[in-house]
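> I am attaching a structure below and will ask some questions about it afterwards.
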Amino acid sequence: MPDPLFAPWRMQYIESLEAAELEATRDGCFLCRAAEQGLSASTIKELLIIHRDDHGVVLLNRYPYTSGHLLIAPVRHVANLGDLDAPCRAGLMELIVRAQTALERAYNPQGMNIGINLGRCAGAGLPGHLHVHIVPRWAGDTNFMQSIGQVRIIPQTLEQSHRRLVLAWPT
């Protein structure tokens, strides 16, 4: 195990970057846009929204790992689970369950990855707005293509996935 190198003066710099990043993501946040009330049908389709309620929004990931890759986000622009009150956290979990049901109906996956990346260094592409990823998985799917070929194989357009999941959404 390598010896630790302590540089405590770097913490002030790291914290200033985090604060600036959080503030910058509030303006132009695509999840906040998707969570807005009163969107037109064409905007809902354009933003790939599957479902929206008082607690959160479910939409297709525009840069999916596979067909059906969903994002579930709270309506409020917050970075951490602890920033939501208990009813919002419960509502978010209910959306995750309903999204899982829709994916099972639409794609019949053999498994799913469900996860949250908190912070950019943990893999969050939008660290200021908490969101959950649900990725349907199948035995023998194409993981090796991304690892070896640096390419993802998505066998369906986003529009086709959107249509399929809207029809499969549990009422």
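The values are calculated or read from the model by the stated rules, or taken from the named source; none is laboratory data. This structure is a prediction, so every number in the text was calculated from the model and none was measured. Methodologically, a virtual Cβ is constructed for each residue, glycine included, from the backbone with ideal geometry; neighbour enumeration extends over all protein chains shown.
> Six or more apart or on different chains, Cβ under 6 Å: which pairs go from a residue in segment 46-58 that's buried (at least 21 other Cβ atoms within 10 Å of the Cβ) to one that's acidic (Asp, Glu)? Could you list them?
No pair meets every condition.
> I need the full set of residues from segment 39-60 which are of a type outside the set (A, V, I, L, M) and under 14 Å from GLU159 (Cβ atoms), in order please.
Across segment 39-60, the qualifying residues are SER42, LYS45, GLU46.
> Within the bounds of segment 152-165, is there any residue that is more than 15 Å from LEU60 (Cα to Cα), modelled with pLDDT under 95 and hydrophobic (A, V, I, L, M, F, W, C)?
Among the residues of segment 152-165, at least one is more than 15 Å from LEU60 (Cα to Cα), modelled with pLDDT under 95 and hydrophobic (A, V, I, L, M, F, W, C), which makes the answer yes.
> Another one. Taking only pairs six or more apart or across chains, which ones have beta-carbon atoms under 7 Å, a first residue in segment 89-110 that is of a type outside the set (Asp, Glu), and a second residue that is assigned to a helix (DSSP H, G or I)?
ARG89/LEU81; ALA102/LEU165; ALA102/ALA168; ARG105/ALA168; ALA106/ARG164; ALA106/LEU165; ALA106/ALA168; PRO109/LEU103
Here's the yes/no breakdown for (1) closer than 24 Å to GLY38 by Cβ; (2) buried (at least 21 other Cβ atoms within 10 Å of the Cβ); (3) β-branched (Val, Ile, Thr):
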| position | (1), (2), (3) |
| --- | --- |
| THR66 | no, yes, yes |
| HIS77 | yes, no, no |
| ASP83 | no, no, no |
| PRO87 | yes, no, no |
| LEU103 | no, yes, no |
| TYR107 | no, no, no |
| LEU118 | no, no, no |
| ILE134 | no, yes, yes |
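To keep it simple, each residue is scored yes or no on (1) outside any loop (DSSP other than H, G, I, E, B); (2) out of contact with any helix residue (DSSP H, G or I) (no Cβ under 9 Å at 6 or more places or on another chain); (3) of a type in the set (Val, Ile, Thr).
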residue: LEU59; (1), (2), (3): yes, no, no
residue: ARG62; (1), (2), (3): no, no, no
residue: SER67; (1), (2), (3): no, no, no
residue: ALA73; (1), (2), (3): yes, no, no
residue: GLU94; (1), (2), (3): yes, yes, no
residue: VAL97; (1), (2), (3): yes, yes, yes
residue: LEU103; (1), (2), (3): yes, no, no
residue: PRO109; (1), (2), (3): no, no, no
residue: ASN113; (1), (2), (3): yes, yes, no
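> If you take the residues in segment 3-48 that are outside any loop (DSSP other than H, G, I, E, B) and over 20 Å from PRO127 (Cα atoms), which one is modelled with the lowest pLDDT?
ARG10
> Please verify whether PRO74 is touching a residue at least 40 places away in the same chain (Cβ under 8 Å), more than 18 Å from PRO155 (Cα to Cα) and in contact with a Gly (Cβ under 7 Å, 6 or more places away or on another chain), treating the condition exactly as stated.
yes
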